[in-house]
1. Report, by residue number, each residue of region 87-106 that is touching a residue at least 60 places away in the same chain (Cβ under 8 Å) and closer than 26 Å to residue 250 by Cβ.
2. Out of all the residues in region 258-275, which are in a strand (DSSP E or B), over 15 Å from residue 23 (Cβ atoms) and not aliphatic (A, V, I, L, M)?
3. Could you tell me which numbered condition residue 61 fails, if it satisfies all but one of (1) surrounded by fewer than 21 Cβ atoms within 10 Å (Cβ to Cβ); (2) on the phi < 0 side of the Ramachandran plot; (3) in contact with an Asp or Glu (Cβ under 6 Å, 6 or more places away or on another chain)?
4. Filter region 227-257 down to the residues that are part of a loop (DSSP other than H, G, I, E, B) and acidic (Asp, Glu) and list them by number.
5. Any chance region 105-114 includes a residue that's under 22 Å from residue 168 (Cα atoms) and either of a type in the set (Asp, Glu) or part of a helix (DSSP H, G or I) (or both)?
6. Any residue at all in region 125-145 that is buried (at least 19 other Cβ atoms within 10 Å of the Cβ), of a type outside the set (Lys, Arg) and either farther than 30 Å from residue 267 by Cα or out of contact with any strand residue (DSSP E or B) (no Cβ under 8 Å at 6 or more places or on another chain) (or both)?
7. Can you tell me how many residues within region 97-118 are surrounded by fewer than 20 Cβ atoms within 10 Å (Cβ to Cβ) and touching a Phe, Trp or Tyr at 6+ places or on another chain (Cβ under 6 Å)?
8. Can you find even one residue in region 81-96 that is in a helix (DSSP H, G or I), charged (D, E, K, R) and surrounded by 16 or more Cβ atoms within 10 Å (Cβ to Cβ)?
Amino acid sequence: MYETLYNESLSRAAYRVWILSDLQQSRPENTKRCLEAGITDFEGLGRPADQIWYLGDAVEGADPDRLRDMCRLQEDAFASLGLPLCYATGNHDYDYARTHREEAPWMPFYETVRAHPGWKTTENCEDFWFRTQIGPYPVYFLCDHISRENAWCVTHSRVQWGEEAYPYTDKDAEALRTRMHEETMPMITCGHCGFSGCNRDHALMDELLPLPPLERIHFYGHSHIGDWVWGKKDTWRRICWVDWHDVPQIDVSSFENIRGEHCRSVLLHIYEDGGMGIFFRDHDHHRFTEAYFPARENGPDGWNDMRPKYGGQ
C-alpha cells in the first residue's frame, strides 16, 4: 500500500524534496557504509527530488583527518546526484570548535557546503537562520551558530558557552518572527532541533513562537529514531505537534544505522493545491515504512488569541 500511495503521490507532486539528518559518524568507514545504503536506495527510486534538505550533524568528533575524509565522502556522494542542497548545522558540526576553544571555530561540513556551487547554508557562522523557497513556498532553516572568534556557541537549542557574549536578544527573535508572519504563502520551517512538543531540545527555538498562521509543517533531526539512550519514551515518535499549535513536526533522523535503528530519511511531496505527502523511507530494506498527509489548514482564525502566553513574550 505504501508503494502504491508513494507512486500516485509522486505522479501528482509539483515539488519534491529529500530530507535527511544525522549521518553523524566519527569514522570514515562508517560514513561510507551508511552513505552507500542511502544513496544507492535513493538512486534506485530514480533520484525523485528537486532539492535536498540536510538538517545537521553531518560528522562527529574532532580528528581533523577523519573529518576531512567524511566531508569529502559526503560531498562526492551528494554532488553525484546533481541536486541543490540546503544545510542547517547541528550540534556535532561544532565538535572540533568545542574541543579547540582557543582557536577560531572550524566546522568542516558547514564550510564544505558554503564552498560548493549551488549548495546553501547561512552566509556566516554567526547567523541563526536563512530563507529559501521551494516553488512559491518560503522555507526557513533555523541553525545552530557560533562566534567567529569562538567566544560563544549555540547548540542543543541553548547557549553552550559564552552566554555573557551572546549577541542576540528577544528583539532579534521578534524581528524574525515578524518577517515570518509577513509571508503571504504557506511556509515550512526546518532545523536540527524542533519546537516545544518535539522529541528533544527546543528552548531557543521557542523564542519564535507563536508560529504564523501560514506555517504548515516543521522538519527536524537530532533525536535518532531507535536510539533508546537519548530518545527514551520518544524513541519511536516520528510525528508530533508544536505545543498549542496545529502544526506537525516530523523527525527525519537518522541517516545512519549504528546509533539509530536504520538509515532513514523522508521524502516530501508538495502538490499544486499546497497539500503535502510525507513518506518515511528505510534505506537498508528499500521500503517505505509510513505515509502521512497533513491538513492544508492548521486551525481556525483567532486561535492565536486563545493560546496561553509563551514565556518571555
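1. Selection gives 88, 89, 90, 91, 92, 94.
2. Going through region 258-275, the residues in a strand (DSSP E or B) turn out to be 264-271.
When the remaining residues are screened for being over 15 Å from residue 23 (Cβ atoms), the result is 267-271.
Those that are in a strand (DSSP E or B), over 15 Å from residue 23 (Cβ atoms) and not aliphatic (A, V, I, L, M): 269, 271.
3. Here residue 61 clears every test but (2).
4. Let us first name the residues in region 227-257 that are part of a loop (DSSP other than H, G, I, E, B), namely 227, 235-238, 242-247, 252-257.
Once the filter is applied, which keeps residues that are part of a loop (DSSP other than H, G, I, E, B) and acidic (Asp, Glu), region 227-257 yields 227, 243, 246, 256.
5. Restricting attention to region 105-114, the residues satisfying the condition of being under 22 Å from residue 168 (Cα atoms) are 105-107, 110.
Going one step further and asking which of them are either of a type in the set (Asp, Glu) or part of a helix (DSSP H, G or I) (or both), we end up with 110.
Checked against the condition, which is being under 22 Å from residue 168 (Cα atoms) and either of a type in the set (Asp, Glu) or part of a helix (DSSP H, G or I) (or both), region 105-114 yields at least one hit.
6. Checked region 125-145: no residue is buried (at least 19 other Cβ atoms within 10 Å of the Cβ), of a type outside the set (Lys, Arg) and either farther than 30 Å from residue 267 by Cα or out of contact with any strand residue (DSSP E or B) (no Cβ under 8 Å at 6 or more places or on another chain) (or both).
7. Total meeting the criteria: 1.
8. The first filter runs over region 81-96 and keeps only residues in a helix (DSSP H, G or I), leaving 91-96.
From what's left, charged (D, E, K, R): 93, 95.
Within this subset, residues satisfying the condition of being surrounded by 16 or more Cβ atoms within 10 Å (Cβ to Cβ) are 93, 95.
Yes.
Coordinate-derived values only; no laboratory data. All of these numbers come straight from a predicted model, not from anything done at the bench. All Cβ positions, even for glycine, are placed from backbone atoms using ideal geometry, and neighbour counts span all protein chains on display.
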